[in-house]
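The next block holds one structure in the form of structure tokens; read it before the comments.
The values are calculated or read from the model by the stated rules, or taken from the named source; none is laboratory data. Because the structure is predicted, anything quoted here is derived from the model rather than measured. Cβ atoms come from the backbone with ideal geometry, glycine included; neighbour counts cover every protein chain shown. SASA here: full protein model, heavy atoms, side chains in, ligands and nucleic acids out. Shrake-Rupley method; radii C 1.70, N 1.55, O 1.52, S 1.80 Å.
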Amino acid sequence: MIKKRPEDLRSHKWFGVDDLRSFGHRSRIKQMGYSREDWAGKPVIGIINTWSEINSCHTHFRQRAEEVKRGVWQAGGFPIEMPAISLAEPFQKPSTMMYRNLLAMETEELLRSYPCDGVVLMGGCDKTTPALFMGAASMGLPAIFLPAGPMLRGNWRGNTLGSGSDSWKYWAELRAGNIDEKDWEEIEDGIARAPGTCMTMGTAATMMSSADALGLTLPGVSSIPAADSNHSRMATRSGRRIVEMVWTDLKPSHILTEKAFENAITCVMALGGSTNAIIHLTAMAGRLGLKLDLVRFDQISKRTPWLANIRPSGKYLMEDFFYAGGVRGLMGELKDLLHLDCLTVNGKTIGENLNGADIYDTDVICRRGKPLSKEGGLAVLDGNLAPNGAVIKQTACDPSLVKHKGPAVVFSDYNDMAARIDDETLEVTKNSVLVLKNAGPQGGPGMPEWGMLPIPKKLLKQGVRDMVRISDARMSGTSYGTCVLHVSPESFVGGPLALVETGDIIELDISARKLELHVEEDELLRRKKAWIPPERKFKRGFGAIYANHITQADVGCDFDVLEGTEAITDPEIH
Ligand code: FES
């Protein structure tokens, strides 16, 4: 094992050299009230904090950053907190997905341009987790992830409320006239009542669990509720550990191997996790030069049982999952499907970390012998409507719709859908297939989470609660229903989805992994010739940069200039 000396530290170039520039760096550190004893010869630990007053999921991060610093000091490091753009899922428009790569770039460049030797990455709200690790992986410094952790269970008159999932559920009941405005306001009061991320198995919980399975967090910590004092202690332990990681030069490239990604995918499937994980894990792997294609996700899904009984696919919430054993409990049950020799941030292997792991409530995390389903949560579809693939969360579908054939009702974009979906004259039945175009990476832009199209009001009144819906959008991990997502290539760039017209017959068969548009080849060719590409929405600024570099969903929606492992040299220190 490598053991670095103080003069081997990257920060030594800033502070340890005897020249005018180092004098400048040292005098400016002293300007902040630090003495030589505080930093000399110590690893500088960047703490990238995505706290913001607009991010309700990260409200505890100011205090957690202090707790991380406590650990860094204890272990003989020098902590420097650096704020980064906070991607707040509920507030940022058109979609946080549009800004994931911006946070990844910011993370990479903060680490490159400042004298950091290692980093603690503080994230959790959906895109922050992949973004922080994409950037840190590209920079290649020792890095540990501090997951924000889920908020406590929601509550309404004694009923448990889950983020997102119960918003959609009770919104449908309000539109159907089954609850009134007063009930709706009480639900608003009770559904988000503590710091932390969504506490359903949404994208946040899925990606924090993935980070755990990848070995990027201290083992098993990803589901500690944000409000639990265990969370504070975990923050301090993470601070202590990153200092040791710097001395032994334990970097993301040692941890994020192909096998580690297979472990994370297995975990996502057993969790019934978010469809978004496919895009994010693909993009993260791309930063290590690894290619995860959709087929691999599907192969792993087919061999992995669904074990975590968490909403929206199941019954419980993340707080219950933590008490039941969390990711360690879940992974302990999947040992034969995991690569146990993968290294993790604590310097031990996954196998070593799983010693003694157990499940304490088998209704929340099922045993292998009694899974919720024999297959994992996600399925990858193929067919002439999605030549490069599409994704569906099969555990969240109404069983009557997993094999379905019906006529399309097409919406040209989100505004068209919003204007017509509740129109009483809309010709739609429960057998129709709702199709939304121009909601993909370029079309949204940013691939907003519009994929769970609302059920038309007139059908809600008839008691319909699920229909087949197809789009090139994403869907919140907290959403549910028979929603085919990430259709690739997207309609905005002329994928077959662009050619679908109202009345066309579409066939979905999840067990056969099939998504077919039943329109003659000649007719599709005619439509293709007549197709006019839509205009880009952003002509300048970040939107224009985004449009010029974003890749499609099946390859992770990274920027083409950020993929790969081409080395970027450190700045010259002048
Ligand atoms: Fe932040 Fe769901 S809104 S995790």
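What the table shows:
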read-out: Which of L517, L337 is most accessible, then next, and so on - probe 1.4 Å; value: L337, L517
read-out: Relative contact order %, the stretch 168-308, counting alpha carbon pairs below 8 Å whose residues are six or more apart; value: 23 percent
read-out: Rg/Rh (Cα only; Kirkwood hydrodynamic radius) as it applies to the stretch 366-456; value: 1.02
read-out: F133, F322, ranked by accessible area, largest first (probe 1.4 Å); value: F322, F133
read-out: Solitary cysteines of the chain, where the nearest other Cys Cβ is not under 4.7 Å; value: C116, C198, C267, C342, C366, C397, C483, C557
read-out: Solution diffusion estimate, µm²/s, Stokes-Einstein, the stretch 386-516, Kirkwood Rh from C-alpha pairs, 37 °C, viscosity 0.692 mPa s; value: 229 µm²/s
read-out: The stretch 475-532, relative contact order in percent, only Cα pairs under 8 angstrom and at least six apart counted; value: 23 percent
read-out: Set K291/K374; K42/K69; K93/K529; K30/K69 screened for pairs whose C-alpha atoms are more than 24 Å apart; value: K291/K374; K93/K529
read-out: C-alpha center-to-center spacing [the stretch 213-258, the stretch 156-194] in angstrom; value: 35 Å
read-out: FRET efficiency, H518 to A419 (Cβ-Cβ, R0 41 Å, nearest 0.05); value: 0.90
read-out: Of all DSSP beta bridges in the chain, antiparallel share, percent nearest 5; value: 45 percent
read-out: Zone of V17's modelled label, taken as backbone nitrogen in the stretch 553-574 under 18 Å from a point 7 Å along Cα→Cβ; value: 569-574
read-out: Total formal charge among the other residues, if their Cβ is under 12 angstrom from that of W168, Lys/Arg +1 and Asp/Glu -1; value: 0
read-out: Linear extension gain, D336 paired with Q31, 0.36 nm per residue minus alpha-carbon span; value: 104.3 nm
read-out: Percentage relative contact order, the stretch 416-574, counting C-alpha pairs under 8 Å, at least six apart; value: 19 percent
read-out: Amide H contacts under 5 Å for L161, placed H, 5+ residues apart; value: G154, N155, W156
read-out: Probe 1.4 Å - accessible area at R368, Å² to nearest ten; value: 80 Å²
read-out: Amide proton proximity set for M452, modelled H, under 5 Å, gap of 5+; value: S476
read-out: Derived scalar couplings ³J(HN,Hα) [the stretch 197-214; Karplus, 6.51 cos²θ - 1.76 cosθ + 1.60; whole Hz; x for Gly, Pro]; value: 7, 3, 9, 8, 7, x, 5, 4, 5, 5, 6, 5, 5, 4, 4, 4, 5, 6
read-out: ³J(HN,Hα) computed for each position of the stretch 373-380 - Karplus, 6.51 cos²θ - 1.76 cosθ + 1.60, integer Hz, glycine/proline x; value: 7, 6, 10, x, x, 10, 10, 9
read-out: Nearest-0.05 FRET efficiency for N155 and N355, computed from C-beta distance (R0 41 Å); value: 0.65
read-out: Cα shape, the stretch 251-401, gyration tensor, a/c 1.5 rule; value: oblate
read-out: Area of E81 that stays accessible when all protein chains are in place (1.4 Å probe, Å², to 10); value: 70 Å²
read-out: Note, ³J(HN,Hα) from phi for the stretch 541-557, Karplus 6.51, -1.76, 1.60, rounded to Hz, x at Gly and Pro; value: x, 4, x, 6, 4, 4, 4, 6, 10, 6, 9, 7, 4, 5, 10, x, 6
read-out: The stretch 1-72 versus the stretch 75-141: alpha-carbon centroid distance in Å; value: 16 Å
read-out: Compactness relative to 2.2 N^0.38 Å, alpha carbon Rg of the chain; value: 0.98
read-out: Per-residue [θ]222 nm for the chain (sum of -39500 (n - 2.57) over DSSP H runs n ≥ 4, rounded to 500); value: -10000 deg cm²/dmol
read-out: Solvent-accessible surface ranking, highest first, for D117, D363, D228 at 1.4 angstrom; value: D363, D228, D117
read-out: Helix axis angle, 181-190 relative to the chain longest principal axis, alpha carbon, degrees; value: 20 degrees
read-out: 5 angstrom amide H check on S223, placed H, neighbours 5+ away; value: V327
read-out: Accessible area (Å², 1.4 Å probe, nearest 10) - Y414; value: 80 Å²
read-out: Å² of accessible area per residue within the chain, as computed with a 1.4 Å probe and no ligands counted; value: 39 Å²
read-out: Carbon plus sulfur fraction of accessible area for the chain, probe 1.4 Å, in percent; value: 51 percent
